[in-house]
Amino acid sequence: MSAVITEQDRYRKLIETIPHGIEEIDILGNIQFASRGLYTLYDCEPGQLIGQSIFDRIPTTAEARKLEIQLPKLIVNQPTIKPYFGQKKTDTGRIIDVQVDWNYKRDDDGNVVGFISIITDITERNMAMKRLSESEELHRSIFETAWNGIAVISPDGFFLECNPAFRRITGYSKIELGCRKVRQLIHPDSIHFLDQFKKQLYLNDHVHAEFHIINRHGIKIPVEILTGTTFTYHGQPAFLTFMRDLTQNKLVARQLRQHQIELAHVARMNTLGEMTAGIAHEINQPLGAIANYSKGVIRRLSNSELKPDDALINAIGEISKQAERAAQIITRLRGFAKKGELKKIEVDVNAVVRESIEFLQPELGQNDITLKKRLAKILPRVKADKIQLEQVLVNLIKNACDAVAHCPPANRRIHVQTHISHEQSVEILIHDFGPGLSEEALAHLFEPFYTTKESGMGVGLTISQSIIEAHGGTLTALPIPREGACFRLSLPIQEQ
Amino acid sequence: MTDDVMIYVVDDDNAMLSSLQFLIESIGLPVSIFNSANDFLAAFDDTKCGCLLLDVRMPGMSGLELQEALNKQHIDIPIIFITGHGDVPMAVRAMKAGAIEFLNKPFNDQELLDSIHRAIELDKTQRVTRCKRNAVMKRLNLLTNREREVLERLMTGKLNKVIASDMNLSIKTIELHRSNIMKKMETRSLAQLISLLYAHQLDAKSATIK
């Protein structure tokens, strides 16, 4: 007998230790037995549950009604049991998600006399599931809407999944990509990258590269690729690859390079012209002096009473003739290197200023220089050669950059201003906050071959000035007493 | 005659300066040389007749700027520009501002000397004109304000009696004023007075108002 008691005791204890709630109800739904786990689940004191109706635990009346109708049907039809998922209200008012695993309770004759249920709190589990699905949804939507192409690639090079952007860049549909390998998309000139890429992928976390792919229409497309290490995709290792279409970038870069080449060409031609003109001017001075002296000598000798030898007069005449000949050679040379005709069109000075600044953006960025623009809202158009004008502005702003590059950060500033001056011209002021110009520099600034820079040729400002003068304008350096240097470029507004 | 003549040469190149001096002196003209526009402005003597040989491009004040400065100060010395590399727009600008010649270095000596002679002649004429004009101006300044008012009306062709009623004065008074004007202006007839004033582009208001 004591052995039986012990056995019962053991079952009771076992039931009490189970964290799930266990209940016995009669056919009317009244609780006849409740385990300790159930009390904990329902936030109530032991013993309280006995005699309570299970329908009172259902938070919504509609659901409670449904269950109330269901219960007699179960007893009559006795269908196969399947867990019930629903909600319960605890004594403290909490609503918990539950899973109810139940079975029929029968008497010795096999008649249904009630139900036995095991009730599990699945609130936490449901929350976790919900969070997971939300996160899944977020990632999916990132994947679908990303501007960059994203693909999941198997270690043997098949596309397992790819987003719309990836399909847009490659031009292939999902199905078409599904039966293609990575290798088939790489342009022949980039195929050698692939092996390198694979090798690097084994050594690094991620690999970054730029190469060409060939799209569905056979067009070569420059792309940037970033591939991360393996992750598990449907139980298999896979690589995550990001792809960016560089066509637009390359196009912009090519246009920029083209523009640079054009500017450089103009700069070279201008430099050549200015150097020739400078040399011609320099040599013409002594040649002129030689001619003047010899002519003077001839006049003096002819007028004096010395009556000099004819041969002597001839020789001096020859000196002057040869000097003139040399001067003519130089004049011809100068004509040869003369700057090309200006291609004058109506230009928006503000636009040229902006383009010039844009052109020097790397220079400004590198030296941490702040450039402030104060451009006139309304500016009449002026007739100018756009490239030549830009050449001058780039030169002036570049000079300003050089002037402030080695200054303390507070002085690394340049102001560029445009406005209409009362003298019916458009003025551009370029003001830097560098060390400024010495008296000497101010006096010689525009002379050819004068420079304050170690590696300068001294023709930049000379060229700039002659370009602006050829436009009928002026370029001057304003003496600024305390801060930096300021150049004023003035272009006449054309008469209508 | 050369005593009151002076040829000024301004060029930043000293060899060019000395050689020009040597050349111009060889035809017997006195020369004064300066290697900057400012030096010239400081030493310039307006009492002497002559001309200015001016380099276009110089450090500091350029030749064109000097020309502008002289124009502003009403110094009308004839200017011959000389340049190492002259371009057309620059020459046009210089000539528009009143230069009499624009020569490229190295230049033909005869051409230069001819230009200098021409410039001296021009300066002389200008001076004579200026001198005469100043004399008339001086006389004009002798007139009283009342006399000037009468002169103004006379120049528009008004008769004495019209002027008298205009100014609310008697005809006798007007006649008196008129005779005083003639005396002060040293003219014998109204026609002579008017042509004198026209010749020097003067009128009753030109005189300094006292």
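The values are calculated or read from the model by the stated rules, or taken from the named source; none is laboratory data. Predicted model, so just to flag it, every value in this text is computed and none were measured. Note that we place each Cβ from the backbone using ideal geometry, even for glycine, and neighbour counts take in every protein chain shown. What goes into the accessible areas is simple: the full protein's heavy atoms, side chains included, and nothing from ligands, DNA or RNA. Shrake-Rupley method; radii C 1.70, N 1.55, O 1.52, S 1.80 Å.
Looking at this model, which pairs from A:198/A:220; B:124/B:205; B:132/B:172; A:321/A:453 are more than 31 angstrom apart at the alpha-carbon?
Beyond 31 Å: B:132/B:172; A:321/A:453.
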Accessible surface of residue A:233 - all protein chains present, 1.4 Å probe, nearest 10 Å²: 50 Å²
Listed residues A:99, B:119, B:19: farthest to the positive end of the dipole of the protein assembly as shown (Cβ charges): B:119
Built amide H within the under 5 Å cut-off of residue B:50, gap 5+: B:6
Under 16 Å from the Cα of residue A:383 - aspartates and glutamates, other chains or at least 8 residues apart: A:341, A:346, A:348, A:427, A:469, A:495
Phi-based couplings in Hz for the stretch A:40-54 (Karplus 6.51, -1.76, 1.60; Gly and Pro marked x): 4, 4, 8, 6, 9, 6, x, x, 5, 6, 4, x, 6, 8, 5
Spacing of the two label points (7 Å from each Cα toward its C-beta) at residue A:402 and residue B:117, in nm: 5.1 nm
Accessible-area order (highest first, 1.4 angstrom probe) of the listed residues A:293, B:8: A:293, B:8
Integer Hz, Karplus 6.51/-1.76/1.60 couplings in order for the stretch A:278-295, x for Gly and Pro: x, 5, 4, 4, 4, 7, 4, 4, x, 5, x, 4, 4, 4, 4, 4, 5, 5
Virtual paramagnetic centre 7 Å along Cα→Cβ of residue A:134, amide N under 20 Å, in the stretch A:80-108: A:95-98
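Report the FRET efficiency, 1/(1 + (r/R0)^6), for residue A:202 and residue A:248, where r is their Cβ-Cβ distance and R0 is 30 Å, rounded to 0.05.
0.35
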Gain on full stretching of the segment that runs from residue A:332 to residue A:233 - 0.36 nm per residue minus C-alpha separation: 27.8 nm
Residue A:80 paired with residue A:144, simple spin-label distance in nm, labels 7 Å along Cα-to-beta-carbon: 3.6 nm
Förster-model FRET efficiency, 60 Å R0, residue A:351 and residue A:181, C-beta, rounded to 0.05: 0.75
Accessible-area ranking of A:102, A:147, largest first, probe 1.4 Å: A:147, A:102
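How big is D for the stretch A:13-60, in µm² s⁻¹ as a whole number, if Stokes-Einstein is applied with the Kirkwood radius of its Cα pairs at 37 °C and 0.692 mPa s?
301 µm²/s
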Area projected by the alpha carbon convex hull of the stretch A:255-376, averaged over all directions, nm²: 13.2 nm²
Backbone HN-Hα couplings from phi across the stretch B:38-46 [Karplus 6.51/-1.76/1.60, Hz, Gly and Pro as x]: 5, 4, 4, 4, 5, 9, 4, 10, 6
Length gained when the stretch residue B:68-residue B:14 is fully extended (0.36 nm per residue, less Cα-Cα span): 17.1 nm
Kirkwood hydrodynamic radius of the protein assembly as shown, Cα pairs, Å: 37.4 Å
Eligible lysines near residue B:96 by straight Cα distance, threshold 20 Å, same-chain separation 8 or greater: B:72
Shape category assigned to the stretch A:345-434 from the gyration tensor of Cα positions, a/c cut at 1.5: prolate
Amide H contacts of residue A:160 (H built 1.01 Å from N, under 5 Å, at least 5 apart or other chain): A:152, A:153, A:154
Long-range lysine pairs (8 or more apart or interchain), the stretch A:39-175, Cα under 16 Å: 4
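For A:118, A:387, A:69, give the ranking by accessible area with the largest first, probe 1.4 Å.
Working: A:118 75, A:387 30, A:69 100 Å².
Descending accessible area places them as A:69, A:118, A:387.
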Under-5 Å amide H pairs with residue B:81, H placed in peptide plane, nonlocal only: B:54, B:100, B:101, B:102, B:103
Diffusion coefficient, µm² s⁻¹, Stokes-Einstein with Kirkwood Rh over alpha-carbon pairs of the stretch B:165-210 at 10 °C and 1.306 mPa s: 133 µm²/s
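If you put +1 on each Lys and Arg Cβ and -1 on each Asp and Glu Cβ, how big is the dipole of the protein assembly as shown around its Cα centre, in Debye rounded to 20?
2520 debye
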Surface accessible to a 1.4 Å probe, residue A:134 within the full protein complex, Å²: 100 Å²
Rounded accessible area of residue A:192 (nearest 10 Å², 1.4 Å probe): 100 Å²
Farthest positive-ward along chain B dipole, Cα basis, beta-carbon charges - from B:97, B:80, B:63: B:97
FRET E, pair residue A:272, residue B:128, Förster distance 45 Å, beta-carbon r, rounded to 0.05: 0.30
